[in-house]
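Participant: The structure's right below; bear with me while I get my questions together.
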Amino acid sequence: MLAYWNDRFYIEYLSNPTDENLGPAQTLMMSSADGIHWDKPRVAFPVYRISAQVDHEKPAVTTPEWGLAGRAFAQTHQRMGFYVAPNGKLLVSAFYGLPNHPNDGRGIGRVLREVHADGTLGPIYFVRYNRHNGWNESNTNYPLFETSDDVGFKQACRDLLANKLMTLQWWEEDRSQDGFFPDLGGEILKAFSYYHRPDGAVVGLWKGAMTALSHDEGKTWTKPVESPTLVMSEAKVWGQRTADGRYALIYNPRHDNRHRWPLAIATSDDGINFDNLLTIQGEVPPRRYNGFDKAFGPQYNRGISEGNGTPPGNVLWDTYSMNKEDIWISRIPVPARSTVSGPVIDTFDEGTFEDLPWNTYSPQLAPITFADLPSKTNRSLELRDADPADYAHAERVFPTMKKGTVSFKLRAAQTDHGRLEIELSDRQGYRPPIRIWLDDQARIQSMDANHNEAQTLAHYVANVWYDVTIHFDLTEESFDVLINGVPYQRGVEILTSTDSLERLSFRTGPFRDHPTLRDPKTPGEDFPHADEPDPEAAYYIDDVVITPNS
């Protein structure tokens, strides 16, 4: 869950020991001033021990393994995370459900607390009990918000309860028939998101490609129907109006519910007709830890709901979970586009990292940033990597070419560990026709169709700049490689045939060919030494120039 308030981003997510929906669970939160550098996660809603039995046909505590001596741990869950109230207060919220099935309507209730401007958190209150299950003030661990002495906080809670679009996100966990929620025809709808069209209608989106319209701000809805053109399964879909006045849908465009990749975006002028499906996140790193129901891929994405803040700039922010483990965030310039025009001359000497016209994939242990190297006025692009399971990846899109020249300066900080792969590819990026790389034996190597094994072009020295030039001609299906002006390959055959090239890629690890659709989401095994950083490798790129050849 994501919000932007008081010039800071806030992310909320649930955390379980090993498996999905098996606690003891807690809800964590972190914040950032720029969306790139984040503070340490802290507990927003702690582990909840169920301490009271309720009088209900399906008692809250029935299974001994839920806890010791008949005492169970609730399972945190959230389909809504934040609410910026009309009086300016920020509320963070979650739901306490029962283990294994926290969102089936049999849970305890929804809690919230205030996030103060200095980052501290107010007391936890219930904003709504699941009274139809027997939960109330007498048998729960937190009081109702109305008992607070803070008038402004209570008003913010009341405003939230009156907001039928915000609270419709709660239905899946609550499922009460007390009239609080609108009639949706008995459908089991999950993970609601919404946006307003230019005509004022509210578009509702749920898992399973379910959609509906409201013309009265969520009080009533048309009958939810499955969109025949929205290809997705049970991962979430996010819809919103973007900073350029257009619309975006973000989702995993595949029917396979076990393998949720890529994360893609489709865009629209009117909020009705969407096209131009593009990849936001196509990387799927190894799963670090085995666990039940941990589907592969970037999934469960959420943007910033209407009213929950507007970050500066023409960008769309989206957060998601990778393999149901690491929490990621993507910054997407709008309008979303996949092609460029004009020459490529990137010196990295001016502007901010956010202005950089590159696609970057930057894990915490493999960050990409600017470096004051060779100097503060002559910067370069830095790729570092100490991640045992992942890598840094920077990609520059250039105008489509059949014949062209790519040149850049390259420097490695070490020779005995690390790897930097350099590729030229078409728009899909699969099976690149041209590949060269720096390995951990101080070698610059290349692969071409003339040979069945890697060819060593030269040896490199740490902390020395090298000028690399690649000429390619797809009509002849050949390429040249020059290092410091010396030709090391001439007219060698490209690896695979393609109509054009338009992407230059730098990656601190080999191309991944796993997971595949044959890999189960469970059972599995831990990635070796997943949280033990490798010796860090660092690489620097400068003065990238890409031009067409006549």
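Participant: Rank these for me by crowding, W317, W206, going from fewest to most other beta carbons within 10 Å. Display every interim value, and only then the final one.
Facilitator: Working: W317 21, W206 24.
Ordered by Cβ neighbours within 10 Å, fewest first: W317, W206.
Participant: Which one of Y391, L356, L424 is farthest out on the positive end of the charge dipole of the stretch 344-548, using unit charges on Cβ (Lys, Arg +1; Asp, Glu -1) and the Cα centre as origin?
Facilitator: The residue sitting most towards the positive pole is L424.
Participant: Please go through the residue pairs K89/K223; K219/K324; K376/K402; K190/K223 and name each one whose alpha carbons sit more than 26 Å apart in this structure.
Facilitator: Working: K89/K223 34 Å; K219/K324 34 Å; K376/K402 36 Å; K190/K223 15 Å.
Violating the 26 Å Cα-Cα cut-off are K89/K223; K219/K324; K376/K402.
Participant: Tilt of helix 151-162 relative to the longest C-alpha principal axis of the chain, in degrees (0 to 90, nearest 10)?
Facilitator: Long axis of 151-162 versus the principal axis of the chain: about 80 degrees.
Participant: From zero up to wherever the largest Cα-Cα distance of the chain sits, split into 10 Å bins and tell me the percent of pairs in each.
Facilitator: Spelled out per bin, shortest first, that is 3, 16, 25, 24, 16, 9, 5, 1, 0.
Participant: Of the options N323, G186, T229, report the single residue whose Cα projects farthest towards the positive end of the charge dipole of the stretch 182-337 (beta-carbon charges: Lys, Arg +1; Asp, Glu -1).
Facilitator: So the residue we want is N323.
Participant: Let me ask another. Projected onto the charge dipole of the chain (+1 at Lys/Arg Cβ, -1 at Asp/Glu Cβ, origin at the Cα centre), which of A458, I494, T211 gives the Cα projection farthest towards the positive end?
Facilitator: Projecting each Cα onto the dipole axis, the largest value belongs to T211.
Participant: Output the relative contact order of the stretch 182-337, whole-number percent, from Cα pairs under 8 angstrom with separation of 6+ residues.
Facilitator: Details: 365 pairs, mean separation 25.5, N = 156.
That works out to 16 percent.
Participant: Can you tell me the order of 414-425, 106-117, 303-314 when each peptide is scored by its average per-residue count of other Cβ atoms within 10 angstrom, highest first?
Facilitator: Descending mean neighbour count gives 106-117, 414-425, 303-314.
Participant: What does the convex hull of the alpha-carbon atoms of the stretch 182-337 project to on average, in nm²?
Facilitator: 9.5
Participant: Which whole-number percentage describes the relative contact order of the chain, with Cα contacts under 8 Å and a sequence gap of 6 or more?
Facilitator: It comes to 10 percent, rounded to a whole number.
Participant: Only four residue types carry charge here, +1 at the Cβ of Lys and Arg and -1 at the Cβ of Asp and Glu. Report the dipole size of the chain about the Cα centre in Debye, rounded to the nearest 20.
Facilitator: Numbers: 54 positive and 76 negative charges, 255 e Å.
Dipole of the chain, to the nearest 20 debye: 1220 debye.
Just so you know, all these numbers are worked out from the coordinates, no wet-lab data involved. No experiment lies behind these values; they were computed from the predicted model shown. Virtual Cβ from ideal backbone geometry, glycine too; neighbours counted across all protein chains shown.
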